[in-house]
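Heads up: the structure comes next, in structure tokens.
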Amino acid sequence: MALGHLGRTTVSCDDGRTWIRDRSEDETSECWGDNNEPDCDHSEFAGRGLVYAMGGFVASWGWGTPGTLTRSTNGIDWTEVGTDTPTFAGIAFGKGTLVANSSPTWLSTDGVEWDEGGSSMLGALYRGIGFVDYDGGRFIAVGQDGSTLGISHSKDGRTFTRAVATDGCGASFKGIAGGNGHAVFASGGGNVCWSDDGGANWTMVDLTGELDAGPVFTGSEFLVWSRGRVHRSADGKTWTNESLSSSNLRFGAVARSPTGTFVAVNGEWQEWYGAQHFYRSSDGKTWETLPASAFQGGHPITFMTFGYLEGGNGCGP
């Protein structure tokens with residue numbers, strides 16, 4: 001499933017080969033068009049989070065304005081499960097609980113009914129949230145406002161504690177992922193930070209001049225991407241890198257299926273609509289550019305993730 005601005009969603013039912021059921025709340029406008037309007041980052045239909053859990057996708061919409069939470073079990077029909085919500089920045093799932101990142105957080109155990117959690121304790125504008133399988137599981141929330149960075153961690157999504165050390169983890173938050181007890185935070189500034197204690201302490205590793213996408217955890221390693229390169233690490237501490245199949249590839253969002261297929265969309269500024277591209281890979285290094293007939297170019301894509309849908313009008317007859 002891919003989610004973007006102006007309420008856009010599109011789904012692939014054939015392992016990333018084609019993308020169908022493209023929809024949005026506004027089919028005629030183009031983001032940052034005449035006089036830079038509409039400003040798609042700051043609107044009620046800005047795509048700000050996407051997660052798969054308990055048989056459905058949950059999406060959060062809205063930034064700088066009251067938002068909405070929606071849920072779909074077939075990839076085409078979306079039901080509002082939260083209206084006039086706070087501005088959320090990401091949703092994470094772990095320990096049977098969905099946590100939407102705001103202050104206070106919102107929590108759900110079924111994706112439908114939500115209740116208020118507690119302060120995220122970030123001290124900065126919230127940017128994203130993830131889950132790491134450390135000591136029974138931890139939710140890790142990230143906030144950033146200019147040069148001010150906040151990271152906090154929680155066992156239950158309700159009570160958060162600020163990280164002790166963030167060691168220059170950097171600006172331009174790209175994402176957070178967890179696996180095998182490790183947590184990895186990626187910065188657009190070209191560095192990653194890792195934590196082995198559930199988010200209490202972070203150590204920075206400088207990788208490159210700029211990171212575009214990631215991290216994604218494959219089950220054995222973390223991957224992040226910069227222009228024309230993929231960077232790999234088993235633990236977030238020691239990294240290797242290698243060239244992509246094209247030196248010009250830059251991704252805005254990347255996801256991976258449990259069987260090993262990667263999907264991505266380009267992410268450079270104004271590379272949307274007729275200039276938009278979707279990609280597919282079996283290893284994160286060698287990428288196929290999908291033909292224009294395999295998708296509909298449209299509004300910017302902000303999130304991609306994998307999940308299993310029920311049969312029917314989303315992915316079947």
ask   = Among Ala165, Ala171, which is the only one that is modelled with pLDDT under 95 and more than 18 Å from the chain's Cα centre (by Cα)?
value = Ala165
ask   = Of the residues that make up the range 198-205, is at least one of a type in the set (Phe, Trp, Tyr), touching a Ser or Thr at 6+ places or on another chain (Cβ under 8 Å) and either outside any loop (DSSP other than H, G, I, E, B) or crowded, with 16+ Cβ neighbours inside 10 Å (or both)?
value = yes
inquiry  = For the structure I just gave you, tell me whether Gly274 is on the phi > 0 side of the Ramachandran plot and of a type outside the set (Ser, Thr, Tyr).
reply    = no
request  = Tell me which of these Val216 doesn't satisfy, since it passes every other one: (1) under 22 Å from Gly150 (Cβ atoms); (2) part of a strand (DSSP E or B).
outcome  = (1)
ask   = Does the range 238-251 include one or more residues that are in contact with a His (Cβ under 9 Å, 6 or more places away or on another chain), in contact (Cβ under 8 Å) with a residue 24 or more places away in the chain and among the small types (Gly, Ala, Ser)?
value = no
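Of these, Glu242, Glu221, which one is modelled with pLDDT of 95 or more, among the acidic types (Asp, Glu), more than 18 Å from Ile176 (Cα to Cα) and touching a strand residue (DSSP E or B) at 6+ places or on another chain (Cβ under 9 Å)?
Values: Glu221 fails: more than 18 Å from Ile176 (Cα to Cα).
When all the criteria are applied, what remains is Glu242.
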task = Return yes when Phe57 is buried (at least 23 other Cβ atoms within 10 Å of the Cβ), modelled with pLDDT under 95 and within 15 Å of the chain's Cα centre (by Cα) and no when it is not.
result = no
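Just checking: which of the strands (runs of 3 or more DSSP E) contained wholly in the range 117-167 hold 2 or more residues that are hydroxyl-bearing (Ser, Thr, Tyr) and under 18 Å from Met204 (Cα atoms)? Give the steps one after another, and end with the answer.
Numbers: elements: 126-132, 138-145, 148-154.
Qualifying strands (runs of 3 or more DSSP E): 148-154.
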Residue that is farthest from Gly7 (Cα to Cα) [pool: residues in the range 32-73 that are of a type in the set (Asp, Glu) and in a loop (DSSP other than H, G, I, E, B)] = Glu37
query = Give me the pairs: first residue in the range 90-114 and in contact (Cβ under 8 Å) with a residue 12 or more places away in the chain and part of a loop (DSSP other than H, G, I, E, B), second residue charged (D, E, K, R) and surrounded by fewer than 21 Cβ atoms within 10 Å (Cβ to Cβ), beta-carbon distance under 9 Å, and six or more apart or on different chains, which are they?
reply = Lys95/Lys155; Lys95/Asp156; Pro104/Glu116; Pro104/Arg158; Thr105/Glu116; Thr105/Arg158
ask   = Does the range 18-28 hold any residues that are surrounded by fewer than 16 Cβ atoms within 10 Å (Cβ to Cβ) and either at positive phi or not β-branched (Val, Ile, Thr) (or both), and which are they?
value = Arg23, Glu25, Glu27
task = Considering only the range 261-310, give the strands (runs of 3 or more DSSP E) lying wholly within it that have at least 1 residues that are under 18 Å from the mean Cα position of the chain (by Cα) and surrounded by 14 or more Cβ atoms within 10 Å (Cβ to Cβ).
result = 262-266, 278-281, 301-304
message = Suppose the filter is part of a strand (DSSP E or B), free of Cβ contacts under 8 Å to residues at least 60 places away in the same chain and farther than 26 Å from Ile151 by Cα; does Thr28 pass it?
response = no
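The values are calculated or read from the model by the stated rules, or taken from the named source; none is laboratory data. Given the structure is predicted, the values throughout are model-derived calculations rather than measurements. Neighbour counts run over all protein chains shown; Cβ positions are idealised from the backbone, glycine included.
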